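Step one of this worksheet: look at the structure below.
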Amino acid sequence: MQENQSFRPRGDTFLTLGSIPATDQVTRAGGPVSGEVSYMVYNSGASDAYLGYGMTSGAALANAVIPSQGSPRAVLPCPAGSVQTFTLSPMLFFCAVTPVGNAPLMITPGTGA
């Protein structure tokens, strides 16, 4: 994958709703099934969110925790109103948690940044 390549969608966009506490509604990404995958994440809410991910739904739910000192997690910070791209493994599960309120996270798998 070229690092200077613009983002190119390669799967359907899906919604993961961040809440406090994280719900057990975990979403599995589609898109490419091998190699690295870029996930574009848009937090359209007014609350920051922390996006847990993993190879299983249980791992994604377990990682949907706001990190604290001495307790690292496989979680991606998603500030309110932000659009970010993360390069991860294919076919991951996602689940989100917020410190307050709700945060709808729109996630699109693809390639590029």
With the label point 7 Å along the Cα-to-beta-carbon line of S89 and a cut-off under 16 Å to each amide N, the hits in region 50-74 are 52-64, 73-74
So for the chain: antiparallel DSSP bridges make up what percent, rounded to the nearest 5?
-> 95
Under 5 Å, built H, 5+ apart or other chain: amide partners of I20 | T98
Read-out Cα extents along the principal axes in Å, candidates (1) 36, 27, 26; (2) 60, 38, 30; (3) 51, 33, 29; calculated match is (1)
From the Cα centre of region 13-41 to that of region 61-98, the distance in Å is 10
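Based on DSSP H runs of at least 4 residues, each adding -39500 (n - 2.57), what is the mean residue ellipticity at 222 nm of the chain after dividing by all its residues, to the nearest 500 deg cm²/dmol?
-1500 deg cm²/dmol
Here, each number is a calculation from the coordinates, and none is a lab measurement. Being a predicted model, the structure only gives us computed values, none of them experimental. With ideal geometry, Cβ positions are generated from the backbone for all residues, glycine too; neighbour counts draw on all protein chains shown.
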